[in-house]
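Report on the following structure.
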Amino acid sequence: MSDNGLAQRMEKAMGALAARHHRKPWQALALAAVLVVAGGFFARKLSLSSDLVGLLPKSFPSVQDLEKLRSRFGGQGYLVVVGQNADPDKLKQFADDMAPKLAQLSEIRYVNYQRSDTFFEEHALYYADLEDLEALEKQIDARITWEKQQANPLFVQLDDAPPPDIGIAGIQRKLEQKFRRNASAQQSKDRYYLDPEERMVVLMLKPKGNSADLSVAKKVVAQVDEFLSKQDLSKYGPGFQTVLSGTYKKKIDHQNVITNDLARASSIALVLLIIYLVFHFRSALGVVFTLVPVMAGLACTYGFVGLSYGKVNLLTGFLGAVLGGLGVEHGIHLLGRYTTLRSEGKSSQEAVEDAFSHTGFSALISAVVAALTFLSLSISEFAAFHEFGIIAAVGMLMSIAAYVLILPALLGVASRWGWTPREHVGSAGPLAMLARWLPRSYRGVAIVVAVGLVALISQVGRLSFNYDANKLEDMTLPSVRLDRRMDKILGYSQSPVVVLTDSQEMERQVVQQLNARKAERGNDSTIDFVRSMDELVPEQQDKKAAVIQAIRQRLEKLDPERLPTDLQANWDSYLKLARASAFQKQDLPEPVRRELEGLEGNKGGVVLVYAAINLADGYGTRRFTKEVRGLKLSDGTQVSAAGEALIVADILDMVAQEGPRILAAAILSVLVAMWITLGKLRSALICMLPTLLSIAGLVGLMGLLGIQFNYLNLVVLPVLVGTTVDAGVHLIQRLSEPGSDFIAVYAETGRAITGGLLTSAIGFLALAIAQHPGLNSIGNVANLGFGLNLVIVLLGFPALLLLVERWRRKHGTTAPAQES
């Protein structure tokens with residue numbers, strides 16, 4: 001028993017409360033039933049949200065900017081209809097047939113299925129600087145003069161100077177560098193979004209609703225699916241088919257993956273827990289006694305979640321499987337101790353009171369410590385960590401409370417019906433054999449474990465952080481694979497970031513600054529190109545039109561037969577350029593114009609910024625984010641781009657900054673809590689030692705195996721702090737009891753510790769087999785940690801305790817435990 005007065009009082013209180021529930025089981029079970037029903041009531045409408053925006057605080061500028069963008073322009077991205085497995089002519093026919101009909105659907109704003117390059121190529125001279133046009137006019141005048149001189153038989157040329165050049169081609173090259181995107185050279189010249197080799201054509205549908213709203217995305221996809229299912233597609237060829245991709249479809253598919261993973265993980269975790277508990281207790285009632293309190297605790301926990309949050313996110317959705325494994329650990333220790341006490345001849349009530357006084361107090365310490373560890377995550381602004389920490393902390397407390405309330409009551413009912421547990425043999429089994437072997441070999445074991453840990457810790461420097469978002473999403477989904485092929489056909493990303501503007505002057509300043517930043521960085525720039533309404537409707541068109549008309553008149557005076565071959569080949573296109581008329585916003589191609597208009601028409605403007613790098617690359621995304629943020633206007637205000645890419649960048653920056661602080665807070669909170677409950681700092685440090693060594697070894701092991709941290713699996717470190725520390729607590733508490741026997745204590749407690757770690761690992765094992773790579777990485781890292789902790793707590797830690805005991809005995813001090 002602890003030598004702390006507070007701890008002694010708590011031990012007695014827990015034993016007395018458990019004994020009371022054992023004496024009056026139906027009252028305790030009735031109260032538990034009421035709490036479970038209440039929890040189920042509040043949890044009934046819980047939903048899963050996979051939107052990354054919900055993982056950041058609403059106070060973040062990137063979140064606020066994105067919300068403004070969504071309210072003014074709707075969701076980012078498109079729903080993409082792909083026609084495939086047909087000849088190019090049939091694919092074009094499909095696009096021509098379907099685009100007008102799809103545009104009439106109630107959920108669709110417009111359809112973009114053809115390139116707008118032709119319009120801009122025909123009006124290219126209006127995008128040239130007025131000075132360049134005037135220079136071109138002078139060049140043509142010079143060429144006309146030269147032609148007249150050559151036609152004059154009396155003219156004698158005194159040198160071999162070449163004829164004056166007509167610089168239209170030079171202006172075209174200059175405009176291509178200014179406006180064309182990097183991938184344009186690889187783009188198809190076809191005006192359709194068509195890939196003849198892939199035999200596919202793309203139609204991009206812009207929905208009215210927001211893709212972040214899953215119900216909206218489902219409504220849009222369902223409407224388009226239903227429309228396509230009613231069309232006669234056989235006329236486009238025997239193998240022709242349509243598939244959907246794009247942002248709206250991917251959102252639904254990712255949500256389905258996570259939802260399926262959640263159901264599968266929970267089911268697998270439950271089955272594995274039952275299998276292990278059957279093996280551990282060799283009793284069906286033992287499984288019931290262990291699982292019923294856990295299920296009740298989970299019901300109450302999710303009732304709290306429903307009442308407080310109304311939804312679960314990517315991490316908290318899987319807490320049921322995790323908390324189930326962690327909660328069962330209490331049951332293994334408590335029921336195992338109860339069984340041992342009954343086998344020693346104590347009555348059921350005496351065994352309950354004794355088990356909950358000692359083992360129950362250790363379980364309470366571990367639950368409180370775990371809760372405090374999880375609460376350290378709540379200091380994070382990253383909502384995935386913040387909510388995970390709070391919910392897991394509540395879950396751990398609910399779990400131990402459920403055991404105190406329900407387990408004594410169940411044992412009370414069972415004992416009244418004549419049930420007695422299987423006889424416990426503490427000196428048998430592999431752990432009893434290990435307990436007898438350790439006192440003879442503890443020095444060698446300590447050396448081997450120490451050398452192994454030093455070797456692992458030396459590899460810490462090889463650990464890295466994974467910034468590639470692709471590795472945290474299921475890239476095997478058909479819609480995701482197809483979406484990557486879309487970018488190749490389009491030649492640019494479907495989801496640019498956006499700068500909202502309130503005036504034409506503001507829009508102009510934003511474009512100027514972005515282009516200046518792009519020019520300043522040169523090849524290192526992450527900006528591909530910038531598009532705005534102000535840029536697409538050039539200024540000084542009246543003056544340019546007069547010059548262009550003069551250019552046309554002069555071109556018509558030239559005889560193309562007398563021009564160089566390269567000019568002759570492009571002569572008709574040059575004349576077409578010179579005959580183009582001035583234009584306004586309403587004359588722009590509809591897809592381009594609609595892309596730059598808000599949901600309410602002309603209310604406010606927008607600047608689209610397309611990235612030159614893959615925004616799935618976290619390093620590139622962070623560079624891109626810096627390049628498009630903090631634009632200073634002439635009036636002193638600052639504006640920034642908005643988009644999901646910036647949300648990802650903020651998440652990566654936040655996790656990188658907060659990770660060390662959260663881990664330090666977790667360790668400190670555990671140390672303080674154990675110091676208070678155990679009464680001595682030395683005892684707290686000794687109990688924490690296996691956990692700290694496990695964390696250090698895990699980090700080194702990850703470096704050795706090439707496993708990276710990411711913004712999801714980083715949560716594992718503080719979780720391991722809270723969930724593995726109880727092994728040291730249980731072992732030290734039992735060994736510190738008067739007259740304790742090392743072999744008996746190690747055999748019994750080691751078996752419970754092994755069971756507790758295995759059941760904890762089972763909860764994370766459910767994540768390790770998830771389809772979602774991000775969740776999969778959490779399970780893999782957690783189970784590596786549990787495995788390493790099992791080796792340390794069963795071999796290294798007891799060997800260390802035996803070394804200390806021998807040293808104390810040698811120097812005449814009292815050993816903490818007596819060995820047999």
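Worth pointing out:
- Here Lys346 is the anchor, and the lysines within straight C-alpha reach of less than 20 Å, apart from those fewer than 8 places off in the same chain, are Lys12, Lys24.
- Each label point was placed 7 Å from the Cα along the Cα-to-Cβ direction; for Asn570 and Glu505 their separation is 3.9 nm.
- Between helix 541-557 and the chain there is an angle of about 50 degrees, using the helix long axis and the longest principal axis of the Cα atoms.
- Mean Cβ count within 10 Å, highest first, over the residues of peptides 249-256, 355-362, 136-143: 355-362, 249-256, 136-143
- Degrees, to the nearest 10: 618-628 long Cα axis against longest axis of the chain: 50
- Efficiency of FRET between Lys230 and Ile274 - r from beta-carbon atoms, R0 56 angstrom, step 0.05: 0.70
- Three-way shape call for the range 537-596 based on the alpha-carbon gyration tensor, with the a/c threshold at 1.5: oblate
- Under 5 Å, built H, 5+ apart or other chain: amide partners of Val312: Ser47, Leu48, Ser49
- Extending 7 Å from Cα along the Cβ direction at Glu350 and again at Leu633 yields two label points whose distance is 8.3 nm.
- Nearest 10 degrees, 0 to 90: helix 168-179 Cα axis against the chain principal axis: 20
- Here the range 354-401 is described by how far its Cα atoms reach on the three principal axes: 43, 14, 8 Å, from widest to narrowest.
- Residues listed by number, the range 6-44, amide nitrogen under 12 Å from Leu307 label point at 7 Å toward C-beta: 35-43
- Summing charges over neighbours of Ala19, with a neighbour being any other residue whose Cβ is under 14 Å away from its Cβ, gives +1 when K and R count +1 and D and E count -1.
- Rounded accessible area per residue of the chain, 1.4 Å, Å²: 43
- Protection proxy ranking, peptides 518-526, 665-673, average beta carbon neighbours within 10 Å, highest first: 665-673, 518-526
- Modelled FRET efficiency - R0 25 Å, Ser106 with Gln241, Cβ distances, 0.05 increments: 0.50
- Cα-projected label distance for Phe41 with Asp165, points at 7 Å along beta-carbon direction, nm: 8.4
- The chain: relative contact order in percent, alpha carbon pairs under 8 Å with at least 6 residues between: 23
- Across Asp572, Asp653, the residue with the most accessible area heads the list, and the full order at a 1.4 Å probe is Asp572, Asp653.
- Length added when fully stretched, Glu198-Leu285, from 0.36 nm per residue minus Cα-Cα: 25.2 nm
- Values of log10 I(q)/I(0), in the order q = 0.18 Å⁻¹, for the range 279-394 under a Debye, Cα-only, solvent-free model: -0.93
- Radius 13 Å from Cβ of Ala367, net charge of other residues (Lys, Arg +1; Asp, Glu -1): -2
- For the chain, alpha-carbon Rg over 2.2 N^0.38 Å: 1.27
- Rolling a 1.4 angstrom probe over the chain with all protein chains present gives an accessible area of which 56% lies on carbon and sulfur atoms.
- Sorting the segments 23-33, 331-341 by their residues' average number of neighbouring beta-carbon atoms within 10 angstrom, most packed first, yields 331-341, 23-33.
- Applying 0.36 nm per residue to the separation of Leu803 and Ile769 and subtracting their alpha-carbon distance, the gain on full extension is 8.2 nm.
The values are calculated or read from the model by the stated rules, or taken from the named source; none is laboratory data. All figures in this text were calculated on a predicted structure; none of them were measured in a lab. FYI the Cβ positions are ideal-geometry reconstructions off the backbone, even for glycines, and counts take in every protein chain you see. Each accessible area value is taken on the protein alone, full model and side chains, heavy atoms only, with ligands, DNA and RNA left out. Shrake-Rupley method; radii C 1.70, N 1.55, O 1.52, S 1.80 Å.
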